[in-house]
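This report concerns only the one structure given below.
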Amino acid sequence: MEKSKLLSAVEMPVELIVNDKVLATFMATPQDLDELAIGHLLTRGLIKDISSIEDINVDSNTYQIFVTTKDELPKKLYNVPEIIVSGTSSVDKFSDSIYEIPKIENDFSVQLSKIIEIANIMNTQAPIYNTTGGVHAAVIMDVEKDRYFLREDIGRHCAVDKAVGAAAKEGVDLSNTFICTTGRISLDMLLKSAVVQIPVVSSLKYPSDMGVKLGDFYGISIVARILSKEALIYTHEERIIK
């Protein structure tokens, strides 16, 4: 095949500017950038809900996202480590203060068959993922209204942030959803889910040991290897109906 015709996933530096200050720079796939910003602010615990955002604009030429919030951002609502990545994460050294994030104590449950159904949709209907294999996909499933939000990005964290942002834009109560991702379930992914109170996290991959520990602590069900012969439920099995 000619080199000019070889497929590759698009990766660009994307700058998030909040209230005229640079908050973060992502290596990301330059699409759905407003949702990336919303999801990142939510999963970092910097805003409590989308109503905190007064205005958001994306410059498609410079790959900059400009956000204005109604109030100045707190340094952080919770002591959540900084996570800004594409392929690998850089997590600040964390302390016991991450356990300040509220546990998820609702009675949300979901059929395992529904998680598998959404995983199959993610695995077959994510266009860039299926074309190049070089990006991650993530889906937020709103069980109450039977609708899902599928997003893709070069980085697994950004894919999750985009899906969270897409759901938040539609007013979805994230505490009544589950997430499915192509990426591994690690410490940083569990922190994102805990901050926005997503009670079930599922993946095509295995979790890390710290991810399992935090999932157990926060009340999050971890379902791994979701499309394998037998899905693996690591924590809070009571949320998963077989």
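For the range 225-236, what are the residues that are in a strand (DSSP E or B) and either aliphatic (A, V, I, L, M) or at pLDDT below 95 (or both)? Talk me through it step by step, then tell me what you get.
Restricting attention to the range 225-236, the residues satisfying the condition of being in a strand (DSSP E or B) are 232-235.
Answer for the range 225-236, where residues must be in a strand (DSSP E or B) and either aliphatic (A, V, I, L, M) or at pLDDT below 95 (or both): 232, 233.
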Filtering the range 222-231 for residues that are free of Cβ contacts under 8 Å to residues at least 12 places away in the same chain and in contact with a strand residue (DSSP E or B) (Cβ under 8 Å, 6 or more places away or on another chain) leaves a count of 0
Could you check the range 28-51 and list, in sequence order, the residues that are surrounded by fewer than 24 Cβ atoms within 10 Å (Cβ to Cβ) and either over 17 Å from residue 152 (Cα atoms) or out of contact with any helix residue (DSSP H, G or I) (no Cβ under 9 Å at 6 or more places or on another chain) (or both)? 30, 45, 46, 47, 48, 49, 50, 51
Can you name every residue in the range 211-242 that is farther than 19 Å from residue 181 by Cβ and of a type in the set (Val, Ile, Thr)? 241
Just give me the residues in the range 152-195 being of a type in the set (S, T, N, Q) and closer than 21 Å to residue 49 by Cβ, in sequence order. 175, 176, 177, 193
Does residue 230 count as touching a helix residue (DSSP H, G or I) at 6+ places or on another chain (Cβ under 9 Å) and either in the same structural domain as residue 46 (by TED's automatic domain parsing) or among the charged types (D, E, K, R) (or both)? no
Any chance the range 200-221 includes a residue that's touching a Gly at 6+ places or on another chain (Cβ under 9 Å) and in contact (Cβ under 8 Å) with a residue 60 or more places away in the chain? yes
State whether the residues of the range 44-55 include one that is modelled with pLDDT of 95 or more, within 13 Å of residue 161 (Cβ to Cβ) and within 15 Å of the chain's Cα centre (by Cα). no
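Please report, ordered by residue number, the strands (runs of 3 or more DSSP E) entirely within the range 139-224 with at least 3 residues that are modelled with pLDDT of 95 or more and surrounded by fewer than 24 Cβ atoms within 10 Å (Cβ to Cβ). So that I can check it myself, show each step before the final result.
On the way: elements: 147-153, 177-181, 200-203, 221-224.
The strands (runs of 3 or more DSSP E) meeting that bar are 147-153.
The values are calculated or read from the model by the stated rules, or taken from the named source; none is laboratory data. Bear in mind that the values here come from a model prediction, so they are computed numbers and not experimental data. Here Cβ is always computed from backbone atoms with ideal geometry, including for glycine, and neighbour counts include all displayed protein chains.
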